Structure formats: C-alpha cells, structure tokens
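Working notes for the structure below.
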Amino acid sequence: MVALIEKLHLPPGFDIKTNQNVYDEEGIQVAEFDIEIRGRLGTTHIAWLIECRDRPSDGPAPSSWIEQLVGRRTRFGFNKVTAVSTTGFAKGASDFAKLQGVEIREVTALAPKHFADWLVMQSITRLERSGGLHHASLIVGSNETKERREALLQAISAKRLGAPILRWVATDETVSAVTAFSAAVSDNPELYDQVVPNQPALLVNLRVRYPNDSSHFVVDTSLGAVRITEIVFKGELTAKQTEVPLLHTTEYSHAASGESISQSAAFVFEALNTKLSLEMHKLTGSTGETQIVLRNLGKVK
C-alpha cells in the first residue's frame, strides 16, 4: 500500500521497486529492500529506501531497527531512508531517527467514521455473470458436398464442447465451442437483461451467423477446411450478486507531525480464483484527489 501511494505522488521518470533482493559478488543475498525508489531530480540522481515494519506482537518499533536502516543507507548509498511502522515508534527510536535524519511514518487502522467526509459507502455490490454451454450445432453452406459434410462429421465426432475444433480464419486461432459461445454472449450483453441475480439460470437459444469472408470459423477436416456459416448455441446464463463489506480503513501519515499523507479504504473479494482488492486512496496533499485502484492479491489458496 505504501509503495502504491508513493507511486501516485512521484513525478514522471521515477522507478519504484518492491521486495528487491540484493546479492554480493559471490551471489550471496546480503539484503532485501522493501521499497526502492530511484530517479533524476534536476541534475542529480536520487535513491530513496522505504522500509516497512508490521509486527503487532512486538510493540512499537525500537531504536535497533533505526540503527539498521542507518547502516543500510551508508552501505548501499541511499540519499534518503524512511521507516514506516504499523505500531508506532518507541521514544528512543523517534529521537534517534530525528538525530540521524531518518524520516518516520505510520500506517494506522482507523474506524470508518474518521473517513465520513469523503467515504459514504460501507459496502459495494458485486455482480458476477457466468454462462454454461449445453449444446452447439454447426451449420455449413448449402454448396458443401456430401463428402465434405461427412468429413466434417468425422472431424467433430465424439468431441467435447471444450475441445478446440473451431479455427478463426482472421487470426488462425483454434478455439472450442465453449469459447465461441462466451464470445457470442459478450457481443450480445443484452441477453443478461432477463437474468435475475441469485435465481435459477436462464435458458438461452442463440443463433449466430458468420457472413464475413475474412472473419469466420472453419473446421479442418481430411478434405480441407469446411466453413461454418452459423452456430446455434443452447446454454444457460446466471448472475450472482453479493455485498462486499468494507474491510480496511487506514491512514498513512508522518509520525513526527501527525500530518496525513493519505487515507485508504479497501474492499476485498474473490473472482476467477483470484483475490482482488478494490481500493480508494484519498491523497491529502495539495491535490486532494481520490485514486481508485484494483489490485491483484494473488491466487486463492
């Protein structure tokens, strides 16, 4: 989150990296940088290291951590080092950081009421649409010979709906009837107008024509490619609607002055076996703008 917010503040031309391993000449790892920011400012090059500490059970960040960051600044040639803690800083750590020129910041969990001036929603509505294909009939032109029709039947006989048998001539990509059905539904989004969320599936019969000579399906057979002029799809469409509650509301601020850098709210949900976070970051600087970001948190375990 800190890296994302800092990226929103950075001018063009700066490079930001996270979780970077550092190795010596023998290939042995000697350090790992949480957030590394580099770029040119005027006529000089700036290297900025931000280290984050999230250890609730250990209490406030100690002076020893600041000492480590001072050592990293010297060893790896950083112009600036910033320490970010979710548990604050011990008194000695704050004093030592000030003495050594290490900027300290905090990420603090706040109740949603603290964001009442800009965040009015406590949940978002997630609508997940899906479909299933039961049957697909491939139709060819009337000019096709009996032999080529029989070759087509042999080519598709006993094939499952998920088998890649349809070649799109415009790209030469071969896809399944399921993929073709999905594309047809995407091209006709009004089909979902009759689908009631969280109710039984709506059965659909969809007839799709492919009249364009440069973009249509063919099936490769022993007698060559047989053009598919139409496909009749029989399937179903469903819609699942759920409420995604507000999960996190946090503030990123300067520890010494308490000045806010940003306030962030996150709604976390799963889609396509992936965990996603829809976030709103209100930048409390001169712009005061709110950035909306969708982050991929990785595959669901």
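Is it true that some residue in the stretch 45-66 is hydrophobic (A, V, I, L, M, F, W, C) and over 30 Å from SER277 (Cβ atoms)?
Taking the stretch 45-66 first, the residues hydrophobic (A, V, I, L, M, F, W, C) are 46-50, 52, 61, 65-66.
Adding the requirement that they be over 30 Å from SER277 (Cβ atoms) leaves 66.
Yes - at least one qualifying residue is present in the stretch 45-66.
Search the stretch 1-51 for residues being surrounded by 10 or more Cβ atoms within 10 Å (Cβ to Cβ) and of a type in the set (Ser, Thr, Tyr), and hand back the single one that is modelled with the highest pLDDT.
Result: THR18.
Where the second residue is hydrophobic (A, V, I, L, M, F, W, C) and surrounded by 10 or more Cβ atoms within 10 Å (Cβ to Cβ) and the first is touching a residue at least 40 places away in the same chain (Cβ under 8 Å) and closer than 21 Å to ARG295 by Cα and lies in the stretch 7-29, which pairs have Cβ atoms under 9 Å and are six or more apart or on separate chains?
Going by the 9 Å Cβ cut-off, the qualifying pairs are LEU8/LEU283; LEU8/VAL293; HIS9/ILE261; HIS9/LEU283.
So, in the stretch 136-175, of the ones that are assigned to a loop (DSSP other than H, G, I, E, B), within 30 Å of the chain's Cα centre (by Cα) and free of Cβ contacts under 8 Å to residues at least 12 places away in the same chain, which residue ends up surrounded by the fewest Cβ atoms within 10 Å (Cβ to Cβ)?
ASP172
Consider VAL218 carefully, then state whether it is in a strand (DSSP E or B), surrounded by 15 or more Cβ atoms within 10 Å (Cβ to Cβ) and without any contact (Cβ under 8 Å) to a residue 40 or more places away in the chain.
Numbers: in a strand (DSSP E or B): yes; surrounded by 15 or more Cβ atoms within 10 Å (Cβ to Cβ): yes; without any contact (Cβ under 8 Å) to a residue 40 or more places away in the chain: no.
No: the conditions fail for VAL218.
Only residues in the stretch 267-295 that are on the phi > 0 side of the Ramachandran plot and of a type outside the set (S, T, N, Q) count as the first member; pair them with residues that are modelled with pLDDT under 95 and surrounded by 12 or more Cβ atoms within 10 Å (Cβ to Cβ), Cβ under 8 angstrom, at least 6 apart or cross-chain, and list the lot.
Pairs found: GLY288/LYS282.
Would you please name the residue that is surrounded by the most Cβ atoms within 10 Å (Cβ to Cβ), looking only at residues in the stretch 232-291 that are among the hydroxyl-bearing types (Ser, Thr, Tyr) and closer than 30 Å to LEU133 by Cβ? Break it down stepwise before answering.
Filtering the stretch 232-291 for residues among the hydroxyl-bearing types (Ser, Thr, Tyr) gives 238, 242, 249-250, 252-253, 257, 260, 262, 264, 274, 277, 284, 286-287, 290.
Then keep just the ones that are closer than 30 Å to LEU133 by Cβ; that gives 238, 242, 274.
Numbers: THR238: 18, THR242: 13, THR274: 12.
Residue satisfying both the conditions and the ranking: THR238.
The values are calculated or read from the model by the stated rules, or taken from the named source; none is laboratory data. None of the values given here were measured: they were computed from a predicted structure. Quick reminder, even Gly has a Cβ in these numbers, built from the backbone with ideal geometry, and neighbours come from all protein chains shown.
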